[in-house]
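The values are calculated or read from the model by the stated rules, or taken from the named source; none is laboratory data. Since this is a predicted model, take the numbers as computed values, not measurements. Note that each Cβ is placed from the backbone with ideal geometry, even for glycine, and that neighbours are counted across all protein chains shown.
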Amino acid sequence: MAGVSQLKVEVRLFASYRERAGTARLDLDLPDGSTIADAAAKLLQAHPAITNDPTRLVVAVNQEYQEHDHPLQDGDEVALIPPVSGGSR
Amino acid sequence: MIEISDGPLDPEALTARVRRNSNGAVVTFLGTTRDSTDGRSVLHLEYEAYRPMADRKLAEVADEMRKRWGVEDVAIAHRLGRLEIADVSLVVAVASPHRADAFAACQYAVDRIKQVVPIWKKEFFQDGEIWVGSEREHHLAGS
């Protein structure tokens with residue numbers, strides 16, 4: 001690690017994203033100061049099937065919706081929220 | 001009162017919970033499983049939630065109803081797991097002294113739930129399945 005400050009977040013995937021990635025949870029190691037956008041970019045390198053438009057991802061950190069420039073802390077739970085449009089229409 | 005349940009919902013019991021002598025109006029919405037989408041027969045549905053965020057977001061919707069329409073008596077219940085055709089997936093029951101507030105608050109709640117509550121629905125057809133709201137369909141033949 002040679003002095004490089006790191007943080008680890010737990011990514012949660014649901015519904016269509018879970019099926020495309022083939023997993024419901026994974027850990028992501030990121031440099032200190034990383035944002036949601038940084039986490040999404042790293043995640044999509046490993047699992048590009050999740051979406052082809054990362055700018056439109058809806059993300060919750062510790063179960064609250066946050067913008068993509070939101071800074072992450074070590075131990076955060078980062079959930080990717082697929083479009084929510086259940087129920088009747 | 002907020003509830004997310006793996007078992008059948010009881011709309012009559014939920015409606016009874018919001019009734020009170022000071023209320024002159026009770027509105028109960030039921031979301032039920034439709035037997036077709038875009039002309040294709042639906043066999044059954046599955047609902048999945050991100051908990052406890054979904055519970056918290058449902059409670060926030062009830063708070064918004066309280067703030068905007070002053071309705072104190074609200075019950076919201078959502079079912080998860082496998083649902084058969086005609087099963088009840090969502091109940092929103094609202095009571096208020098006068099009907100306009102109950103109607104408006106109930107409609108707001110149903111619309112808002114679909115925007116902010118992390119619950120997803122998958123429709124199963126004879127020849128495939130799809131997460132509603134997702135842009136890609138997963139055909140059984142191709143997977």
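Can you name the residue in region B:26-74 that is within 12 Å of chain A (Cβ to nearest Cβ) and of a type in the set (Asp, Glu) and, of all such residues, is surrounded by the most Cβ atoms within 10 Å (Cβ to Cβ)? The selected residue is B:Glu48. Out of the residues in region B:95-107 that are surrounded by 18 or more Cβ atoms within 10 Å (Cβ to Cβ) and of a type outside the set (D, E, K, R), which is farthest from the chain's Cα centre (by Cα)? It comes out as B:Ser96. From the residues in region A:1-51 that are away from every other protein chain (no Cβ under 13 Å) and hydroxyl-bearing (Ser, Thr, Tyr), which one is nearest to B:Pro118 (Cα to Cα)? The qualifying residue nearest to B:Pro118 (Cα to Cα) is A:Thr23. When region A:71-87 is filtered for residues that are part of a loop (DSSP other than H, G, I, E, B) and surrounded by 14 or more Cβ atoms within 10 Å (Cβ to Cβ), the ones remaining, listed by number, are A:Leu72, A:Asp76, A:Pro82, A:Pro83, A:Val84, A:Ser85, A:Gly86, A:Gly87.
Yes or no: B:Val92 within 11 Å of chain A (Cβ to nearest Cβ), under 9 Å from the mean Cα position of the chain (by Cα), in contact (Cβ under 8 Å) with a residue 12 or more places away in the chain and within 20 Å of B:Arg66 (Cβ to Cβ)? Can you show your working first?
On the way: within 11 Å of chain A (Cβ to nearest Cβ): yes; under 9 Å from the mean Cα position of the chain (by Cα): yes; in contact (Cβ under 8 Å) with a residue 12 or more places away in the chain: yes; within 20 Å of B:Arg66 (Cβ to Cβ): yes.
Yes; evaluated as a whole, the condition is true for this residue.
Determine whether A:Arg56 is of a type in the set (Lys, Arg) and at pLDDT below 95. Taking the combined requirement at face value, the residue satisfies it.
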